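J.: To start, I am sharing the structure in question, which I have written as structure tokens.
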Amino acid sequence: MNTLIVKAIADETRLRILLQIAKGELCACKIPAILRKTQPAVSQHLKVLLGAGLVTVRKDGVKRLYSLSEAGKRVLEDISGW
């Protein structure tokens, strides 16, 4: 696991976002309500997760839909035993 990934999942909010996305593709617009965080804060966390290669994003009109990347799935499998 590289340093960028470790830093990304070290933050509790980012880990919580990753776990929510692991349940299935998720619109960025729904994450603030789920986590009770502001949209700008969630956006910054998603940027870090995307930069670490843990999530992928696709656009559907104005919506941005996030899902786990293969690396994200492996990381969650690796840390599930922690």
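J.: Once you've got the GNM for the chain with C-alpha springs shorter than 10 Å, pick whichever of 56, 13, 38 has the biggest mean-square fluctuation.
T.: It is 38.
J.: Could you state the angle between the C-alpha long axis of helix 12-22 and the longest principal axis of the C-alpha atoms of the chain, as a value from 0 to 90 degrees rounded to the nearest 10?
T.: Taking the Cα atoms of the chain, the angle to 12-22 is about 80 degrees.
J.: Another one. Which distance in nm do the two modelled labels at residue 35 and residue 20 give, with both placed 7 Å along the Cα-to-Cβ direction?
T.: The answer from the label model is 0.6 nm.
J.: Further, regarding this structure: Measure nothing fancy, just the Cα-based angle from helix 39-51's long axis to the longest principal axis of the chain, in degrees from 0 to 90, nearest 10.
T.: For helix 39-51, the angle is close to 40 degrees.
J.: When the helices in the chain are scored as -39500 (n - 2.57) per DSSP H run of 4 or longer and the sum is shared across all residues, what 222 nm value do you end up with, to the nearest 500 deg cm²/dmol?
T.: Calculated from helices alone, the mean residue ellipticity at 222 nm is -16500 deg cm²/dmol.
J.: Related question: With Rg and the Kirkwood Rh both taken from Cα atoms, where does Rg over Rh land for the chain?
T.: My calculation puts Rg/Rh at 0.94.
J.: Multiplying the sequence separation of residue 47 and residue 73 by 0.36 nm and subtracting their Cα-Cα distance, what value in nm do you get?
T.: Between residue 47 and residue 73, full extension yields 7.6 nm more.
Every number in this text was worked out from the coordinates using simple rules, so none of it is lab data. Since we're looking at a predicted model, the values are computed, not measured. So basically every Cβ, Gly included, is an ideal-geometry build from the backbone, and we count neighbours across all protein chains shown.
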